[in-house]
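The values are calculated or read from the model by the stated rules, or taken from the named source; none is laboratory data. In this text the structure is predicted, and so the values were computed from the model without any measurement. Neighbour counts run over all protein chains shown; Cβ positions are idealised from the backbone, glycine included. SASA here: full protein model, heavy atoms, side chains in, ligands and nucleic acids out. Shrake-Rupley method; radii C 1.70, N 1.55, O 1.52, S 1.80 Å.
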Amino acid sequence: MAVTIAKEKWTSKVGEMVLDADSSVKVGGESTLPFLQFEGDIPNRPVLALEVWDLEPVDWPEILKAPFAGVLADPVAWAKKNVEYGADVVALRLMSAHPDFKNASPEDCAATAKAVADAINVPMIITGCGVEEKDAEVLEKVGEALTGKNCLIGCATEKNYKTVTATAMVNGHSVIASSPLDINLSKQLNILMTEMNLPANRIAIDPLVGALGYGIEYAYSIMERARIGALMGDKMLAMPVICFVGQEAWKAKEAKSTDDESPEWGAQERRSILWEVLTTTTFAQAGGSIFVLRHPESVKQVKVHLDKMMESNAY
Amino acid sequence: MALTGLDIFKQLPKTNCKECGQPTCLAFAMQLASGKTSLDKCPHVSDSAKEVLDSASAPPIALVKIGKGEKELQLGNETVLFRHDKRFEHPTGIAVTVNDTDSDIAGKVQSINKLVFDRVGQIHKVNLVAVKNTSGDTARFAEAVKTVQDNADFALLLISEDAAAMEKALEVAGANAPLICSANAANFDVMLNLAKKYDSPLVVKGTDLNELAALVEKSGYKKLILDSGAREVNKVLADQTQIRRQALKKFRPFGYPTIAFADNADPIQAVVDAGVYIAKYAGIVVLNTSDPADVLPLITLRLNIYTDPQKPIAVESKLYEIGNPGPDAPVFVTTNFSLTYFCVQGDVEAGRFPAYIMPVDTDGISVLTGWAAGKFTPEKITEMLNSCGIADKVSHRKVIIPGGVAVLSGKLKEMSGWDVLVGPRESAGIPSFIKQRWGA
Ligand code: B12
Ligand code: SF4
């Protein structure tokens with residue numbers, strides 16, 4: 001009995017973003033739902049970034065620190081290590097700018113960003129410390145220092161998007177637009193940013209995802225809805241989605257609890273890495289394109305999975 | 001797709017005899033279409049019309065039951081492609097495999113029985129033990145099935161394509177409606193008859209979607225689970241999506257739950273594949289691992305994907321006592337979002353000291369969401385401090401709030417008159433916080 005394959009007739013597609021000085025890395029561009037090659041094109045595979053901090057993290061579990069032993073206090077060495085570990089992108093987080101930590105100046109942050117950029121040959125994501133006003137100041141200087149490098153900078157929020165967008169436009173970067181798990185807020189921010197004449201394909205949507213077990217389902221559904229919106233022609237939802245998975249997954253109790261504390265949960269190493277990997281691969285099913293991770297083993301495992309998912313399943 | 005009143009009318013006797021309580025057959029058809037009456041009210045409808053109407057009003061994916069009594073697992077009745085369209089109804093059944101060649105089958109089953117996790121106040125566990133005829137030996141399979149049946153807390157999934165082996169296994173386990181896996185083009189008639197004989201659900205396996213549809217059509221049986229034969233994750237995703245889409249379009253042969261096998265040779269990738277199957281429509285996912293480090297993430301994913309998007313899971317907003325708290329025990333304030341409450345409860349318990357937890361009613365949302373939405377406010381906390389009876393239970397006047405909402409402390413102290421201690425941001429920090437800050 002012949003089955004007539006059910007294909008949706010989507011009218012539009014996700015915008016394509018290019019990264020790096022020579023635009024060598026592309027994300028987005030899909031004309032169908034995630035990995036349904038039988039129905040449309042998936043020209044680019046999702047990209048995986050590993051995080052680097054400019055301030056030695058104190059509360060990371062040992063399992064997460066171990067692969068970076070000796071480089072956690074040296075962002076340049078750490079970034080190189082990430083490239084060795086196979087990260088497609090290096091995600092520098094300028095944590096030292098935080099007023100509660102070192103309150104580093106925008107100039108110092110820019111110098112760090114420049115040093116890291118000069119040491120590696122993969123594209124960069126650069127984020128501030130999460131304090132919106134400070135991030136605006138920091139990103140302004142960082143954007144300048146990395147003119148022409150075509151980085152992805154952020155996070156731009158409702159409060160600081162004007163400065164961040166302006167910096168990106170002047171210096172040729174793309175912007176991460178963050179809004180908390182709400183499709184309308186996200187769209188609103190994209191509209192405001194494009195009204196400043198930032199091209200739509202230089203925005204990545206950050207829906208502020210939660211980890212497996214900690215609200216993953218909200219982001220999952222927002223992302224599915226955004227992708228459907230994009231395919232049906234909503235240009236203000238047709239941006240690649242970036243998911244900061246590492247920071248969320250490694251906060252989960254299931255990732256942090258040791259073998260002794262929770263023997264009934266199995267070995268911490270396997271469980272914590274699966275926590276990060278499954279959070280990522282689940283978001284990939286919902287339409288995530290850029291994943292910011294922490295553990296190199298997660299990068300390795302997600303890559304193997306994506307290689308398989310990128311193989312055609314056309315009928 | 002539901003039938004319209006007119007579609008239904010065409011199937012009725014059109015005599016307007018009024019026995020159904022409606023003035024005309026057309027009026028009855030209209031009532032039926034809007035679900036306000038049921039077909040059995042009309043005594044004159046023909047059997048053939050009944051069949052047409054029943055099947056048209058049946059859910060797009062049949063409800064299928066595996067096992068009996070407490071061990072019963074229900075699958076199917078799904079109505080949407082995306083959880084945000086409504087919700088997913090029956091969580092993916094998780095099966096863990098035992099091979100009939102395994103050395104300590106009873107021991108392995110015991111370890112599967114332990115795959116039970118307490119999360120957000122609910123028990124979450126695997127659902128089936130799959131017994132696989134890896135040996136190819138008939139007697140050995142039956143013996144393994146017996147051992148599993150005697151020891152397992154869950155219903156059984158019997159995996160063998162050898163009809164003779166299945167027959168023997170069913171002599172052992174057939175009374176408990178195990179899932180028979182599977183009928184393919186070669187063994188079809190015998191397997192189907194076994195399923196009928198034991199009134200048990202049956203997996204139908206095609207080599208592709210076309211063959212699968214043909215076999216289902218041929219079976220005339222309703223207790224089915226579908227296997228398209230795909231085993232690579234990218235292809236399984238495509239087939240699962242097709243089966244769900246076609247079922248929702250009422251392509252009848254695909255109107256049953258599905259089964260997917262996470263048997264990737266790489267054990268980590270097998271877990272990842274299983275995650276895809278849980279998110280994307282599998283009725284059952286069969287695992288080869290019983291390592292809790294593999295199963296816990298999958299069970300958690302299933303819980304998340306199958307949560308009703310319209311209702312966050314909440315706990316009752318009342319004073320909870322952990323251990324046997326005395327008058328000097330600490331008091332923790334949190335919200336009544338289940339996930340939040342149980343994070344706090346778990347960490348308070350981990351610290352091994354008696355305490356009170358007071359979850360404020362935030363309509364089941366988290367601390368920061370509640371704060372941002374104006375539902376976790378000094379006013380509400382004060383109100384609960386005054387009304388829940390805590391003032392009579394403790395001799396001190398100190399309350400601990402989550403670190404994420406430190407900004408509330410000034411106003412809360414002013415309004416309630418209680419001293420406010422700002423706790424750690426993450427509840428995991430509670431045990432050490434108590435050691436350092438609660439005059440022990
Ligand atoms: C899922 C989610 C939602 C879901 C709600 C889910 C729910 N049932 O709560 C939805 C999509 C509905 C939502 C909506 C909104 N959200 Co929201 N949401 C989240 C998200 C992703 C996860 C929240 C969560 O479930 N966390 C897990 C629980 C367990 O965490 P928790 O309650 O904080 O508990 C932890 C700690 O606080 C601590 N703790 C808890 N209790 C106690 C008690 C004591 C004594 C101690 C010591 C510790 C402690 O331990 C727990 C475990 O570590 C966060 C971002 C993030 N990644 O955290 C944003 C977030 C909370 N949301 C935010 C916002 C702004 C909103 C909206 C207002 C957006 C909008 N304008 O629409 C709405 C408001 C909703 C409304 N009007 O009802 C912001 C809040 C910003 C702020 N700091 O004020 C956040 C932080 C996102 C962000 N970064 O901007 N959200
Ligand atoms: S009982 Fe049946 S035949 Fe009689 S009016 Fe009602 S629908 Fe028509």
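Numbers at a glance
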| read-out | value |
| --- | --- |
| The protein assembly as shown, dipole about Cα centre (Lys/Arg Cβ +1, Asp/Glu Cβ -1), debye to the nearest 20 | 1760 |
| Members of B:196/B:218; A:253/B:398; A:65/A:256; B:168/B:218 lying beyond 18 Å, as alpha-carbon distances in this model show | A:253/B:398; B:168/B:218 |
| Two-site FRET efficiency, residue B:249 against residue A:247, from Cβ-Cβ distance with R₀ of 56 Å, rounded to 0.05 | 0.85 |
| Under 19 Å from the Cα of residue B:65 - aspartates and glutamates, other chains or at least 8 residues apart | B:78, B:89, B:153, B:199, B:227 |
| Probe 1.4 Å - accessible area at residue A:232, Å² to nearest ten | 130 |
| Rounded, prolate or oblate (a/c below 1.5 giving rounded, otherwise prolate when a/b exceeds b/c) for segment A:140-225 by Cα gyration tensor | prolate |
| Estimated inter-spin distance, residue B:125 and residue B:65, nm [label 7 Å along Cα→Cβ] | 1.9 |
| Label-point separation in nm, residue B:50 to residue B:318, each point 7 Å along Cα→Cβ | 4.8 |
| More than 17 angstrom apart: percent of Cα pairs within segment B:1-106 | 66 |
| Computed FRET value (nearest 0.05) for residue B:414 with residue B:437, which takes r as the C-beta separation and R₀ as 25 Å | 0.70 |
| Two-decimal ratio, segment A:19-309, of alpha-carbon radius of gyration to 2.2 N^0.38 Å | 0.95 |
| Taking N as its residue count, the alpha carbon Rg of segment A:23-83 over 2.2 N^0.38 Å | 1.65 |
| With every protein chain in place, segment A:19-309: carbon and sulfur % of accessible area (1.4 Å) | 51 |
| Within the accessible area of segment B:117-252 (1.4 Å probe), percent carbon and sulfur | 48 |
| Relative contact order (%) - chain A, alpha-carbon pairs under 8 angstrom, separation at least six | 20 |
| Exposure ranking of B:15, B:207, A:112, B:300 by accessible area [1.4 Å probe, largest first] | B:207, B:15, A:112, B:300 |
| Chain-alone versus full-assembly comparison, segment B:80-98, residues with accessible loss of at least 20 Å² (1.4 Å probe) | B:82, B:83, B:84 |
| Scaled radius of gyration (Cα, divided by 2.2 N^0.38 Å) that chain B gives | 1.24 |
| Average Cα contact separation per residue, chain B, under 8 Å, 6 or more apart, as relative contact order % | 11 |
| Heavy-atom SASA rank of A:132, A:195, A:8 (probe 1.4 Å, accessible area, largest first) | A:195, A:8, A:132 |
| Residues residue A:103 and residue A:170, FRET efficiency given R0 of 30 Å [Cβ-Cβ distance, rounded to 0.05] | 0.70 |
| Cα convex hull of the protein assembly as shown, projected area averaged across orientations, nm² | 36.6 |
| Whole-number percent relative contact order across segment B:30-98, with pairs defined as alpha carbons under 8 Å at least 6 apart | 18 |
| Helical contribution to [θ] at 222 nm, DSSP H n ≥ 4, -39,500 (n - 2.57), averaged over chain A, rounded to 500 | -12000 deg cm²/dmol |
| Rounded to the nearest 20 debye, dipole of segment A:58-149 from Cβ charges on Lys, Arg, Asp, Glu | 320 |
| Label zone at residue B:6, where the point sits 7 Å out along the Cα-to-Cβ direction: segment B:27-52 residues whose backbone N lies under 19 Å | B:27-35 |
| Accessible area buried, both sides summed, chains A and B with 1.4 Å probe, Å² | 4500 |
| Span-like helix ranges in chain A, DSSP H, alpha carbon extent 24 angstrom or more, Kyte mean at least -1.0 | A:268-286 |
| 25 Å Cα-Cα reach of residue A:7 towards lysines, excluding residues that sit fewer than 8 places from it in its own chain | A:235, A:308, B:86, B:205, B:235, B:249, B:250, B:280 |
| Qualifying aspartates and glutamates (Cα of each under 17 Å from Cα of residue B:41; at least 8 residues distant if same chain) | B:19, B:51, B:54 |
| Computed magnitude of the charge dipole of chain B (debye, nearest 20; Cβ of K, R +1, Cβ of D, E -1) | 1200 |
| B:150, B:263, reordered so the largest accessible area comes first (probe 1.4 Å) | B:150, B:263 |
| Out-of-range pairs (alpha-carbon distance over 20 Å; input A:102/A:162; B:318/B:375; A:134/B:413; A:80/A:114; A:13/A:300) | A:102/A:162; A:134/B:413; A:13/A:300 |
| Dipole axis of segment A:19-309 (+1 Lys, Arg; -1 Asp, Glu on Cβ), positive-most option in A:280, A:178, A:122 | A:122 |
| Å² per residue, accessible surface of the protein assembly as shown at 1.4 Å | 40 |
| Rough spin-label spacing in nm, given labels placed 7 Å along Cα→Cβ, for residue B:379 and residue A:4 | 5.9 |
| Within segment B:216-232, backbone nitrogen closer than 19 Å to the virtual label 7 Å beyond the Cα of residue B:199 toward Cβ | B:220-225 |
| Calculated [θ] (222 nm, deg cm²/dmol) that DSSP helices of n ≥ 4 give over chain B, each run adding -39,500 (n - 2.57) | -12000 deg cm²/dmol |
